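See below for the structure under consideration.
The values are calculated or read from the model by the stated rules, or taken from the named source; none is laboratory data. Note that the coordinates shown come from a computational prediction; the quantities given were computed from them, not determined experimentally. With ideal geometry, Cβ positions are generated from the backbone for all residues, glycine too; neighbour counts draw on all protein chains shown. Calculation scope for accessible area: heavy atoms of the full protein, side chains included, ligands and nucleic acids excluded. Shrake-Rupley method; radii C 1.70, N 1.55, O 1.52, S 1.80 Å.
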Amino acid sequence: MAFDQEKDEFKVVGTRPDRPDGIDKVTGRARFGADATAPGMLHAVIIRSPHAHARIVKIDTSKAEAAHGVKAVVTRADFAEGLDGENWNILENLMAGERALYDGHAVAAIAATSSLAARDAARMLEVEYEVLPHVTDVDKAMQEGAPVIREGAADGSVPAGMHPNVVRCHDSGHGDPEDGFAEADLVIEERFTTEATHQGYIEPHACLGTLGPDGRGELWCCTQGHWNVQKVCAALLDIETSKLRVTASEIGGGFGGKTAVFIEPVALALSRKANRPVKLVMPRADVFRATGPTASTSMDVKIGMKKDGTITGASGEFRCQGGAFPGAPMEFTAMCAFAPYALKHVHQVGYDVMTNRPKQAAYRAPGSPMAAFAVESVIDELCNRLGLDPIDVRLKNASREGTKANFGPSWDRIGLVETLEAAKEHPHFSAPLAEGAGRGISCGFWFNHAGETAVQLALSEDGTVQLSVGTPDIGGSRASMCMMAAEELGIPYEDVRTTIADTATLGYNEISHGSRVTYASGLATIEAARDTVKKLCKRAAAKWGIDAEAVEWRDGCAIPSGPNAGDFDPMPIKEIARDMGKTGGPIVGHFEATPEGAGVSFATHIVDAEVDRETGATTITRYTVVQDAGKAIHPSYVEGQYQGGAAQGIGWALNEEYVYDDDGRLQNAGFLDYRIPVASDLPMIDTVIVEVPNPGHPYGVRGVGETSICPPLAAIANAVSNAAGVRMQDLPMRPSRILEALKAGS
Amino acid sequence: MIHVSTTVNGDAHEFLCDPRETLLDALRDRLELTGAKEGCGTGDCGACTVLLDGRPVCSCLVLAAEAKGREVGTVEGIADGEDLHPLQRKFIEHAALQCGICTPGILVAAKALLERNPDPNETEVRYWLAGNLCRCTGYDKIIRAVLDAAGEMREAT
Ligand code: FES
Ligand code: FES
């Protein structure tokens, strides 16, 4: 499974064929979460707490149950009891127990014959609340006297004496930063904050579930990982996992937010009660109020630098707020913070803090973008004050192969230096800046992930192949899978069809997350294709009456080699396929494993920004993404990941934020007030694909989906700070903040 | 229930609907035309964009009853049988979609643009599509696909 040094010529990989699901998606034929129906189907709504924190005194369902068209009402009592660990957290989040823990926390659900009937009945459900004190700010939640979200939620990692809302702690590093600071010519220490932002996928969560009295069920849903949905639903409904078959629909964006389970067990519980299929589609406001935003953060970063640009020491404290449950990605924030740099003295601490907000969910490289914002801002300020070039300083301190990482291990082959060099050579970096504009640079890092993976490749009798993978296609991955299979088998791209298999068809597949799909399902596809090739060669060998070892596979044909070379004509895959029924039966290749070796990835972004000093509005005038892809299978979709991450980063840096009022209610639960970038907000986004092969993949692939969102917050903040002449330390840099900063700076 | 007769993609349709029902719901649930998507239900995302007498509208903000006697155009009606519209071909060729949930609304809106302005510049395309959110692509490839399709359509006429 290691990088194949010999494989340096590709026929299919690196080209840009049309995606196999393209026609379905441009004609409206593709079926997403909300597009399924079933005979006798009911429509469901979820009733949610209007309070940030309240004891649920009583739920009276009688009037709602008697309402026109209502077939079932469920509350917490309709789910499994006695759960613990993360299953308990998920259940508590998707249906409140004794207390509502945030504005939008589910308390009951109704299924009726139409969605209007369900909505009408929702108004008749009576819930009595006793309102409790709440806290939504990360720093306030850690202070003495802050309301406790859940007593005893902290694990053993938290130092004694901290507030019970601090539930986990990460501490790592090496050397002694104080020694490093003593060697520095300049030390800067600053505080930075970022607000919670939502993944903002355009498709709300949606599912259609059937659960019969015999405990057997079918579920259709938009998810990044249907095996996980199967596992969680089975636990929360107390049924056997294999009795529930889950099919992943086309998915309308996820970015991490659809790795979590929010509605599927509710639809199944309603179905079990009503004995009819139930469709549940989240309204957009519910998506904002009750599905995972990313963590908000408060961070202190201190870095020392010599006049020549050498970083002598670095330390950081990263406080991440993850809502009313443990899980804010503070360890990733801490570990990613200084990853781009080779440091003798470094120390990072992370805290996971609970508040009365929705349970955070993964959002594209969870935790890393915020850390980069804090660290790369301080580095930019050091460069400015010491009069140093921002790329040269980063090159001087860059992590390389063999460098001891800030969190412990030594780096394998990595491509940070190559991205910096490519950025330096890019015309953008040396282009003159308009009067009043600013330029920002930032590096970013993400681990990438591999995970449990199973695929199957079945040969059809006409010589085309059917590839089944278990990782939902969130951005064109079926095209890459077809390409890798075609490459290995030596057949045309069009002869491979890739399907996302349901949970009854393949072994367990981990979620499409951690930028793992092209890496892990790709590696599995290559291995399954090689397994198939072995079987194909064996069939040819048997026919020719020679040793299977003496058969080679080239350009889609079995070819006699060694002593038998030239003895027989090449036997094409179509011929072997046609005869396979007579030569030993079906030919199927497969692969099941948890690969190791998802290579980490680094990026460098360059941004130009203009700030309107009258209104405080920022315009991004030019944007360049340089990122290491290891090997780009389908370059268009790699570019697409780069551009999409940059655009989300622009929104996060400039506009997007969860706004809470004093009452703890979310003020902007809609796309009008939670403003994601629109077409007229953005420039074209230039991309440079750097390819430093990942030693852990046959073609050198590294995940690309997440790293693209790591540098933007910092790069944009640096550009805006340089344009405005004041250091921006709080995100988002909305116009009012920029005006305040300009006023304070002048 | 209200009785509605309307034309969708050139075909005559009749349905009964609740007075509160949106055109989007009627298209999706009653006519099984699920190409138009609901991203927000409040007119903010454009995923539900359809043409009403040739004008792009958010079908989540139009009542189903308002379709009476009018012509509705959805993404399902853009292609001419098996022949894709140049916009559809260019969207695939330029990889202008990742997840594809925004694509139906954007195609309908872009087609309306090119009917009004066959030679738009980048800024005009960006402002015309400003009501259609895409979270995946950063719009770069969408804008290029629209400009390329416009060029091809101009050459063909
Ligand atoms: S669903 Fe109509 S604009 Fe969003
Ligand atoms: S392609 Fe996913 S929202 Fe546009």
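To the nearest whole number, what is the average tally of beta carbon atoms from other chains within 10 Å of the beta carbons of peptide B:86-96? Walk me through the numbers on the way to the answer.
Values: counts 0, 1, 5, 4, 1, 3, 8, 5, 3, 14, 4.
Going residue by residue through B:86-96 and averaging, the value is 4.
Accessible surface computed residue by residue for the protein assembly as shown, with neighbouring protein chains in place and a 1.4 Å probe, gives 36 Å² per residue.
Let me spell out the model: positive unit charges on the Cβ of Lys and Arg, negative unit charges on the Cβ of Asp and Glu, origin at the Cα centre of region B:86-156. What dipole size does that give, in debye rounded to 20?
On the way: 9 positive and 9 negative charges, 50 e Å.
In debye, rounded to 20, region B:86-156 gives about 240.
Show that you can apply the helix-only estimate: for chain B, add -39,500 (n - 2.57) for every DSSP H stretch of four or more residues, divide by all residues, and state [θ] at 222 nm to the nearest 500.
The helix contribution divided over chain B gives -9000 deg cm²/dmol.
Burial here means at least 10 square angstrom less accessible surface with every protein chain in place than with the chain by itself, probed at 1.4 Å; in region A:1-30 the buried residues are A:Asp18, A:Arg19, A:Gly22, A:Ile23, A:Lys25, A:Val26, A:Thr27, A:Gly28. For A:Cys169, the solvent-accessible surface with a 1.4 Å probe is about 30 Å², rounded to the nearest 10. Exposure check, 1.4 Å probe, all protein chains in place: A:Asp673 carries approximately 110 Å² of accessible surface. Between A:Glu401 and A:Thr310, the modelled label-to-label distance comes to 2.5 nm, taking each label 7 Å out from Cα in the direction of the beta carbon. Projected onto its three principal axes, the C-alpha set of region B:2-77 covers 28, 25, 20 Å, listed from the longest axis down. Using a probe of 1.4 Å, the accessible surface attributed to A:Asp120 totals some 50 Å² when neighbouring protein chains are kept in position. The Cys residues in chain A with no partner Cys Cβ within less than 4.7 Å of their Cβ are A:Cys169, A:Cys222, A:Cys233, A:Cys320, A:Cys336, A:Cys383, A:Cys443, A:Cys482, A:Cys537, A:Cys557, A:Cys710.
Hydropathy first: keep DSSP H helices in chain A averaging at least -0.5 on Kyte-Doolittle, then drop any whose Cα extent along the axis falls short of 20 Å, and list what survives. Before the final figure, lay out each step's value.
Numbers: long enough: A:368-386 (27 Å, 0.60); A:522-544 (33 Å, -0.20); A:635-654 (28 Å, -0.20).
Flagged H segments are A:368-386, A:522-544, A:635-654.
Quick test of the membrane-span-like rule: which DSSP H helices of chain B reach at least 18 Å along their long axis (C-alpha atoms) with mean Kyte hydropathy at least 0.0? Mind showing how you got there, number by number?
Values: long enough: B:103-116 (20 Å, 0.78); B:140-156 (24 Å, -0.07).
Going by DSSP H runs, the hits are B:103-116.
Ranking A:Val187, A:Gly256, A:Gly387 by Cα position along the charge dipole of chain A, where only Lys, Arg, Asp and Glu carry charges on their C-beta atoms, puts A:Gly256 farthest toward the positive end. Model label sites at A:Glu98 and A:Lys243, defined 7 Å from Cα along the beta-carbon direction, differ in position by 3.0 nm.
Go through B:4-15, A:675-686 and give me the packing order, highest mean Cβ count within 10 Å leading. Can you show the working numbers first?
Details: B:4-15: 15.2, A:675-686: 20.4.
Final packing ranking: A:675-686, B:4-15.
Net length available on complete extension from A:Arg31 to A:Asn384 is 121.9 nm, with 0.36 nm assigned per residue and the Cα-Cα distance removed. Put a plus charge on the Cβ of each Lys and Arg, a minus charge on the Cβ of each Asp and Glu, and nothing anywhere else: the dipole of chain A about its Cα centre is then about 1560 debye. So if R0 is 25 Å, what FRET efficiency would A:Val57 and A:Asn275 give, r being the distance between their Cβ atoms, rounded to the nearest 0.05? Efficiency for this residue pair is about 0.20.
Computed over region A:314-403, the convex hull of the alpha-carbon atoms projects to a mean area of 6.7 nm².
Annotation: the antiparallel percentage among DSSP beta bridges lying fully within chain A is about 75.
Accessible area buried by the pairing of B and A, both sides summed with a 1.4 Å probe, works out to roughly 4000 Å².
Please give the average number of partner chain Cβ atoms lying within 10 Å of the Cβ of each residue in A:250-260, rounded to a whole number. Mind showing how you got there, number by number?
Numbers: counts 3, 3, 11, 9, 3, 3, 0, 0, 0, 0, 0.
What the average comes to for A:250-260 is 3.
Projecting the Cα atoms of A:Tyr351, A:Tyr623, A:Phe447 onto the dipole axis of the protein assembly as shown, where Lys and Arg carry +1 and Asp and Glu carry -1 at the beta carbon, places A:Tyr351 farthest toward the positive end. At 1.4 Å probe size, with the rest of the protein present, what percent of the exposed accessible area of chain A is carbon and sulfur atoms? It is 48 percent, rounded to a whole number. Residues of region A:241-273 falling in the label zone of A:Asp214, defined by backbone nitrogen less than 15 Å from a point 7 Å along Cα to beta-carbon, are A:242-245.
Here the relative contact order of chain B, from alpha carbon pairs under 8 Å that lie six or more residues apart, stands at 23 percent. Dividing the mean sequence gap of close Cα pairs (under 8 Å, 6+ apart) by how many residues region A:297-345 holds gives a relative contact order of 34 percent. Modelled this way, with points 7 Å down the Cα-to-C-beta line, the labels at B:Thr157 and A:Glu151 are 7.4 nm from one another.
If you roll a 1.4 angstrom probe over the protein chains with everything in place, what fraction of the accessible area of region B:2-77 belongs to carbon and sulfur, to the nearest %? Answer for region B:2-77 is 47 percent, counting heavy atoms of protein chains only.
Other chains' Cβ within 10 Å of A:634-641 residues: what's the mean?
Mean shielding by partner chains, rounded to a whole number: 4.
Return the FRET efficiency for the residue pair A:Arg613, A:Ser410: r is the Cβ-Cβ distance, R0 is 56 Å, and the value is rounded to the nearest 0.05.
Values: r = 47 Å, r/R0 = 0.85.
According to the calculation, E is roughly 0.75.
DSSP beta bridges confined to region A:295-409 are antiparallel in about 60 percent of cases.
Between the beta carbons of A:Glu65 and B:Arg30, assuming R0 = 35 Å, the FRET efficiency works out to 0.80 to the nearest 0.05. The order of the peptides A:611-623, A:553-565, B:25-37 by mean Cβ neighbours within 10 Å, most packed first, is B:25-37, A:611-623, A:553-565. List, in the order given, every pair from A:Lys231/A:Lys534; A:Lys279/B:Lys111; A:Lys7/A:Lys534; A:Lys279/B:Lys141 whose Cα-Cα distance in the structure shown is over 26 Å. Distance filter (> 26 Å) returns A:Lys231/A:Lys534; A:Lys279/B:Lys111; A:Lys279/B:Lys141. Using a cutoff of 8 angstrom between alpha carbon atoms and counting only pairs six or more residues apart, the relative contact order for chain A works out to 16 percent. Between the listed residues B:Gln88, B:Gly131, B:Met153, the Cα displaced farthest toward the positive end of the dipole of region B:86-156, a dipole computed from Cβ unit charges relative to the Cα centre, is found at B:Gly131. Shown for region B:86-156: the carbon plus sulfur share of the solvent-accessible area, taken with all protein chains present and a 1.4 angstrom probe, equals 49%. Among the GluC sites (Glu not before Pro) in region A:30-118, those located in a DSSP loop and surrounded by at most 15 other Cβ atoms within 10 Å of their own Cβ are A:Glu81, A:Glu98. Starting at 0 and stepping by 20 Å, how many percent of the alpha carbon pairs of chain A end up in each bin? Going out from 0 Å in 20 Å bins, chain A shows 17, 46, 31, 6, 0 percent.
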